[in-house]
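Read through the structure below, which is laid out as structure tokens, and then see the notes.
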Amino acid sequence: MLARSQMGGPWSRAQQVARAFLSRGHEVTLAWGNDGNCVDPVAPTLEIPVPSPLGLPEAIARHTFPLASRLGLMGRKPVHSFEEVLWLTGALDERYTRAAVEVLRTHMRSWRPDVVYSEFNLAAVIAARAEGIPCVGSGSQPTTLSYASNPRKSSGIRRLLREMGMPAPASSLSILEGMKRRFIPSCPTLEPRAGERAIYCGFLDEPPALTATRRDCALVYLGSGSVPAGVAMRAGRELAEVLSCDVYVAGVPDAVYAAAGREVHCAPRLNFAELLPRARVMVHHGGQNSMMDALAYEVPQVVVPGRVFERQFNADAVERTRCGLSVRTPKPALIAEAALRLVDESALTSGIRGVRDELSALGGTERIVREVEKLVDARPEND
């Protein structure tokens, strides 16, 4: 069984893992929430509650946070730890966690899964532990307790755990790190200290075979809420001018406009699998999926992480391994300048092939399935 959190990246990864288990003949249930990110499930589903940002009443959050996202206001507040991310999204709200745990436990009692896979979903780990079912899931170095935490945000979770008669560590991150296995969709070069029970699995899916394709465009995706849409669109114009190519900007309203004799195509969503083989540069916010997609297609990256700790970690990793550059101030001119440097100075991207090869050799979702099968097979018959 797979559980997810309220973000598009975790749902995408959960789908990939689910497909791998299904291909090996296992039964899978996807626990999902109706938050707009969870679409086209590949397996039967179980609906679980969706956290409301900051634990606010849903009616208020429904109007407040989309507006803040469009204006880029969410990027003005620094986010220092994954514990703060969980708090901001409402995943540490006691009422939400209590409701989600109850729904999950009820399903686990009736279905009795062999294992629970949590895609950064705290409620799934708590429910599995309460029902005595092994729990595994995704992890990363910047989401570990040793990297950064803020235990004050977890007071409601501690109270719930004490009521359930379970250990109540100071930080909720300790609960996630206590899973039987933590699968890291990365490699030691990018994340050298991923913590205990960590198993690196690299690219979740086998990377595409690279063919000689003309690199004739640039891509921009600066996330949802951290940078105003207008900045991303102006960055597209600047890139068209300095790189003399068409530019595709995702995460913004639909539009097409001319710049320096080229076209800038803007849309809420774009099919990057079709565009990445053609991309000279990809500009993105430092999300894990965006970084991995660019590496899979050997596309140089300009990372604009804003004030979010995990994205800053990924930006540092990209620059340190010579896979691209980071731009800490989200100004279109600076973004375009960095992109031009990547095109002109090959030394800045000399590490891409080696990192891609390392990620490709780690087994992906097939390794996750093998490791989980070994874990389940090793359990005593009556455990």
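The values are calculated or read from the model by the stated rules, or taken from the named source; none is laboratory data. Everything numeric here is computed off the predicted structure, so don't read it as measured data. FYI the Cβ positions are ideal-geometry reconstructions off the backbone, even for glycines, and counts take in every protein chain you see.
List of remarks:
- Only one entry of ARG311, ARG280, ARG320 meets the criterion of being in contact with a Lys or Arg (Cβ under 8 Å, 6 or more places away or on another chain) and outside the structural domain of SER186 (by TED's automatic domain parsing), and that entry is ARG280.
- Filter result (at pLDDT 90 or above and either assigned to a strand (DSSP E or B) or touching a helix residue (DSSP H, G or I) at 6+ places or on another chain (Cβ under 6 Å) (or both)) within the range 22-47: ARG24, VAL28, LEU30, ALA31, VAL42, ALA43, THR45, LEU46, GLU47
One line per residue, one yes/no per condition, for (1) in contact with a strand residue (DSSP E or B) (Cβ under 9 Å, 6 or more places away or on another chain); (2) among the aliphatic types (A, V, I, L, M); (3) surrounded by fewer than 20 Cβ atoms within 10 Å (Cβ to Cβ); (4) closer than 22 Å to GLN15 by Cβ:
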| position | (1), (2), (3), (4) |
| --- | --- |
| SER81 | no, no, no, no |
| ARG98 | no, no, yes, no |
| GLU102 | no, no, yes, no |
| PHE120 | yes, no, no, yes |
| ALA124 | yes, yes, no, yes |
| ALA127 | yes, yes, no, yes |
| ALA130 | no, yes, yes, no |
| GLY137 | yes, no, no, yes |
| GLY156 | no, no, yes, no |
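- Test: residue in the range 253-263 that is touching a Leu at 6+ places or on another chain (Cβ under 8 Å) and not polar (S, T, N, Q): no
- The set of residues in the range 25-43 that are surrounded by fewer than 13 Cβ atoms within 10 Å (Cβ to Cβ) and on the phi < 0 side of the Ramachandran plot comprises GLU27, ASN34, VAL39.
Condition check ((1) surrounded by fewer than 19 Cβ atoms within 10 Å (Cβ to Cβ); (2) more than 18 Å from GLN312 (Cα to Cα); (3) without any contact (Cβ under 8 Å) to a residue 12 or more places away in the chain) across all residues:
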site	(1), (2), (3)
GLU191	no, no, no
ALA198	no, yes, no
ASP216	yes, yes, no
VAL220	no, no, no
GLY236	no, yes, no
ALA240	no, yes, no
ALA250	no, yes, no
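- Filter result for VAL264 (buried (at least 21 other Cβ atoms within 10 Å of the Cβ), in contact with a helix residue (DSSP H, G or I) (Cβ under 6 Å, 6 or more places away or on another chain) and not acidic (Asp, Glu)): yes
- Candidate set: the range 343-383, residues that are among the polar types (S, T, N, Q) and without any contact (Cβ under 8 Å) to a residue 24 or more places away in the chain; chosen: the one surrounded by the fewest Cβ atoms within 10 Å (Cβ to Cβ): ASN382
- In the range 225-261, the qualifying residues are those that are closer than 30 Å to THR89 by Cα and in a helix (DSSP H, G or I), and the one that is modelled with the lowest pLDDT is ALA229.
- Given (1) at pLDDT below 95; (2) in a helix (DSSP H, G or I); (3) surrounded by 18 or more Cβ atoms within 10 Å (Cβ to Cβ), index of the condition SER110 fails: (3)
- Condition check for ALA212 on (1) farther than 14 Å from VAL299 by Cα; (2) without any contact (Cβ under 8 Å) to a residue 12 or more places away in the chain: one failure, at (1).
- Residue match in the range 152-166 (condition: in a loop (DSSP other than H, G, I, E, B), in contact with a Ser or Thr (Cβ under 9 Å, 6 or more places away or on another chain) and not assigned by TED's automatic domain parsing to the domain that holds PRO305): no
- Among residues of the range 314-342 that are touching a residue at least 12 places away in the same chain (Cβ under 8 Å), those with a beta-carbon under 8 Å from a residue that is part of a helix (DSSP H, G or I) and among the hydroxyl-bearing types (Ser, Thr, Tyr) at least six positions away or on a different chain give the pairs ARG322/THR349; CYS323/THR349; GLY324/THR349; LEU342/THR349.
- Some residue of the range 74-86 being more than 30 Å from ARG328 (Cβ to Cβ), modelled with pLDDT under 95 and either of a type outside the set (Lys, Arg) or not in a loop (DSSP other than H, G, I, E, B) (or both): no
Matching residues to (1) within 23 Å of ARG356 (Cβ to Cβ); (2) of a type in the set (D, E, K, R):
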residue	(1), (2)
ALA194	yes, no
ARG197	no, yes
TYR200	yes, no
GLU206	yes, yes
ARG215	yes, yes
TYR221	yes, no
PRO228	no, no
ALA232	no, no
GLU238	no, yes
